Amino acid sequence: MNEDFLKPYDHSQEKDIYNTWEKSGFFNPENLTPSSSSRATHPFSIIMPPPNANGSLHVGHAVMVAVEDVMVRYWRMRGVPTLWLPGADHAGFETQVVFEKKLEKEGTSRFEILKQDGGREELYNQIKAFTLANKSHMEHQVRQLGASCDWSKETFTLDPKIIDTVYETFKKLYDDGLVYRDTRIVNWCTKHQTTLSDLEVKYEERVDPLYYVKYGPITLATVRLETKFGDTAIAVHPNDARYKNLIGKEIEVEAIAGKTKIKIITDEHVDPAFGTGAVKVTPAHDADDYAIWQRHKDEIGGPKEIIDQFGRMSLASYFADTADVMKYQGLKIAEARKQIAQDMQEKGLIEKVDTDYKHNVALCYKCGTVLEPRVLPQWFIDLTKEGNKKLVQPAINAVKNGSIKIVPEFQEKIFFHWMENIRDWNISRQIVWGIPIPAWHKGKEVYIGKNKPEEEGWTQETDVFDTWFSSGQWPTATLRAQSTSGHDLLEEFYPTNVMETGYDILFFWVARMIMLGIYMTGKIPFKTVYLHGLVRDKDKQKMSKSKGNVVDPMGIVEQYGADALRMALLVGNSPGQDASFDEAKVKGYRNFSNKLWNMARFVLTQPEISNDFLHVSDEDKKILERVREVKKEVAGNIEKYRFSQAGEVAYHYVWHEFADKIIEEKKKILLDKDINESEKESAQKVLYTLLLESLKMLHPFMPFVTEAIYQRLPHKNAKFLMVENWEE
RNA sequence: GGGCGUUUAGCUCAGUGGUAGAGCGUUUCAUUGACAUUGAAAAGGUCGCAGGUUCAAUCCCUGCAACGCCCACCA
């Protein structure tokens, strides 16, 4: 027996085991010898959600690796050609935000860098260096978790081949009329100086004063007093009797700077029950008002922009000669509002103030800054007109008709609900860290292409793509990028089997992959979507840096081993359901690793009985039959994505049946001098068989300790447990 | 305003149309031979509440309550 067994199991050997696996080449599907079983003709593939290369892995990544590795290792042992393609995401906006925080700590900002000549390139290069450093750090961590993915095919979202595909898709969308550039009201973050998609807006309920302002004969309620300088009309409901005589007229209004005139229009959208039933229309700074303006373009003036990109009053275009207004010039919104309220109070223009008015405020999901709606030219993907037919409906249909299954099933309802109410997607970002939108402008002309057109006068688009536009093409783009002349991976592995990710990015990512995947290839990108839940802390609180309750998975791996962490994250957790992280649970499974180690130690004290041993007792035959049943149960659960159940069945069998009962009974037989050799040999045969079967069924969950034991067996069928045949 | 999820042992959570499960915790006992990162045993749950379907419901249906989450252009 190997001397290592005289000591407790030492999980620090995980690193060495991983290295030998990786060097063996068995992570790569082309090095696997498919088994002869009929299942082996259908490959198994997973594209790993590429972690953001801007920091360390969090527990969510550990869940992702654990779940995907279970499937991949299981199917590999079934003799199926198995591809698990890893990647890394440049994560445009997210990474730029992380990088800017770093700059802030260093006492500078991106604007300092952008001021210099060639500042844009400089900033890009700095973020690139930062990202690449984090990328290799993160890849190392994915290895530590035991991910048996094919590193030779690792793909980065900024690889030239990925960008080529993204450009090709963009061109196709543009040619099909599914991409358009238009000036519309969009969400603008005054801190980050970029627009955000509707998904990147978080709403928070706040209490603000609601001012009842006198507009001549009308009083109307508003929170945003400061936008009054951008008013172009007042709207009332068409059936509102109170305003019957005023509709369509221009009324004269006493304002801060003397008298002005404003038109009364009607719009179905106005709720007569709110406030006074009259609403000021400020199309440049409010999405609702912009919508009203669009319906009344012919009657009223266009958007008057009176707040700038930094969230400061910018009144010179309309009020340069009016000192009473220009005194607010340059004030931040909140300050301007306060002063205007005060001034209007003094002039008797405010009828009353409702001080505890509750309403939802739109915030930047990253920094919490109040978003300022702005009217800007942006690139959009049409999802409401032609795009609804060509992008949205095919995706809905794929899930409705079962070509794509979402696990857990209830998430399908959530998916449908979002898809059926989807809006056009703003894919423009005004940041540097991202894939540039391949477009050129000359006056109103637009040219789509990577390279500048020959003729004079074209200027390059400066917006970059929303990261999700490129990652939304990930399954297709990666397989295409990694294909070689000998291996068309799209042909071999697309559609992939499973897309495993967190439910929090169902809309951001999964929905878009389905739409774009079908659009690009005519085929669904994956057959099953498995959505894991969020990992919260021990007290069910969301982990966050500010709360200081973030669990570092790598610290846990260091202390208890990746096997223990993986088991703790798998058992007791179900798809789509949040889980809480308890270190005590990890400790329990660390103990299990050692238990298994010692079980092996005991078995290996016994002589190994050759394969052609024929005198298995009837009782032992039952034991061997039973382990096959258990293994089938584990397999069935894995195939049905019930990883918690699968892990628990294996765990329970190995510890509480094999160890506690069978080993104890066989121990008695082996020590009893009155029992004949044949029966002892039968017991020894059983012990060796059960050990091997236990290692196999636990390997997808706890790859390291099972491999460590396998490598110390006197006779091995395969070079690695990782490529042992699951069956026999 | 819509939609979704959860409610099971002290805690964190799995699970099933037919005497209820795991991890941790608690109590008692055992132990120099595989393992104290151990073993044997025990306590502990009218499976949120109220109806219904069924021979049988924790599980299916209806309603309710509490908690949580997502979506939504009411100023």
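The values are calculated or read from the model by the stated rules, or taken from the named source; none is laboratory data. Remember, it's a predicted structure, so these values are computed and weren't measured experimentally. Here Cβ is always computed from backbone atoms with ideal geometry, including for glycine, and neighbour counts include all displayed protein chains. These area figures cover heavy atoms from the full protein model, side chains too; ligands, DNA and RNA do not enter into them. Shrake-Rupley method; radii C 1.70, N 1.55, O 1.52, S 1.80 Å.
Structure data summary
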{"read-out": "Spread of Cα-to-Cα distances over 10 Å intervals beginning at zero, given as percent, for the range A:312-427", "value": "10, 22, 24, 18, 15, 9, 2"}
{"read-out": "Computed E for A:D271/A:Q193 - FRET, C-beta separation, R0 35 angstrom, nearest 0.05", "value": "0.55"}
{"read-out": "Average accessible area per residue (Å²) across the range A:201-345 - probe 1.4 Å, nucleic acids and ligands excluded", "value": "48"}
{"read-out": "Largest-first principal axis extents, alpha carbons of the range A:129-240, Å", "value": "74, 39, 28"}
{"read-out": "Carbon and sulfur %, accessible surface of the range A:550-677 computed with the full protein complex present, 1.4 Å", "value": "48"}
{"read-out": "At R0 = 35 Å, FRET efficiency that the Cβ-Cβ distance of A:D582 and A:D16 yields, to 0.05", "value": "0.75"}
{"read-out": "Helix-only mean residue ellipticity at 222 nm for chain A, each DSSP H run of n ≥ 4 adding -39500 (n - 2.57), per residue, nearest 500", "value": "-12000 deg cm²/dmol"}
{"read-out": "Heavy-atom surface of the range A:441-572, accessible at 1.4 Å and reported per residue (Å²)", "value": "42"}
{"read-out": "Amide H partners (placed H, <5 Å) of A:E351, local residues excluded", "value": "A:Y212, A:V213, A:K214"}
{"read-out": "Centre separation in Å (Cα based) which lies between the range A:352-372 and the range A:495-517", "value": "32"}
{"read-out": "Semi-axes of the equivalent ellipsoid for the range A:601-723, Cα gyration tensor, largest first, Å", "value": "26, 16, 13"}
{"read-out": "Distant-in-sequence amide H partners of A:Q378 (H built 1.01 Å from N, under 5 Å)", "value": "A:D182, A:T183, A:R184"}
{"read-out": "Whole-number D in µm²/s for the range A:523-579 (Stokes-Einstein; Kirkwood sum over Cα pairs; 4 °C, 1.567 mPa s)", "value": "98"}
{"read-out": "Derived scalar couplings ³J(HN,Hα) [the range A:463-477; Karplus, 6.51 cos²θ - 1.76 cosθ + 1.60; whole Hz; x for Gly, Pro]", "value": "5, 10, 6, 3, 3, 5, 5, 6, 5, x, 10, 4, x, 5, 5"}
{"read-out": "Whole-Hz ³J(HN,Hα) from phi, Karplus 6.51 cos²θ - 1.76 cosθ + 1.60, for the range A:129-135, glycine and proline x", "value": "4, 4, 5, 5, 5, 5, 4"}
{"read-out": "A:T33 paired with A:D182, simple spin-label distance in nm, labels 7 Å along Cα-to-beta-carbon", "value": "6.1"}
{"read-out": "Three principal axis lengths of chain A [C-alpha, angstrom, descending]", "value": "114, 60, 52"}
{"read-out": "Over 20 Å [Cα-Cα, the range A:424-502], rounded percent", "value": "53"}
{"read-out": "Unit Cα scatterers, Debye sum, the range A:157-200: log10 I(q)/I(0) for q = 0.20, 0.25 Å⁻¹", "value": "-0.88, -0.90"}
{"read-out": "Ratio Rg/Rh [Cα only; Rh per Kirkwood] for the range A:516-615", "value": "1.21"}
{"read-out": "Debye log10 I(q)/I(0) for the range A:304-372, one point scatterer per Cα, at q = 0.14, 0.15, 0.21, 0.26 Å⁻¹", "value": "-0.56, -0.64, -1.05, -1.18"}
{"read-out": "Long-range HN-HN contacts of A:T266 with modeled amide H, under 5 Å", "value": "A:V236"}
{"read-out": "Cα-based Rg of the range A:175-214 normalised by 2.2 N^0.38 Å, two decimals", "value": "1.82"}
{"read-out": "Entries in A:K280/A:K327; A:K673/A:K716; A:K680/A:K716; A:K171/A:K389 that, when Cα-Cα distance is taken, lie over 24 Å", "value": "A:K673/A:K716"}
{"read-out": "Added length on full extension, which subtracts the Cα-Cα distance from 0.36 nm per residue, A:S485 to A:E335", "value": "47.6 nm"}
{"read-out": "Extent along principal axes [Cα atoms of the range A:1-84; Å; largest to smallest]", "value": "44, 43, 20"}
{"read-out": "Coarse-grained scattering of the range A:466-505 at q = 0.17, 0.19, 0.24, 0.35 Å⁻¹, given as base-10 log I(q)/I(0) from a Debye sum over alpha-carbon atoms", "value": "-0.53, -0.63, -0.86, -1.14"}
{"read-out": "Accessible surface of the range A:1-120 [probe 1.4 Å, protein heavy atoms]: carbon and sulfur percent", "value": "50"}
{"read-out": "Rounded to whole Hz, the Karplus (6.51, -1.76, 1.60) HN-Hα couplings of the range A:255-263, x for glycine and proline", "value": "10, 4, 10, x, 8, 9, 10, 8, 8"}
{"read-out": "Carbon and sulfur %, accessible surface of the range A:259-311 computed with the full protein complex present, 1.4 Å", "value": "47"}
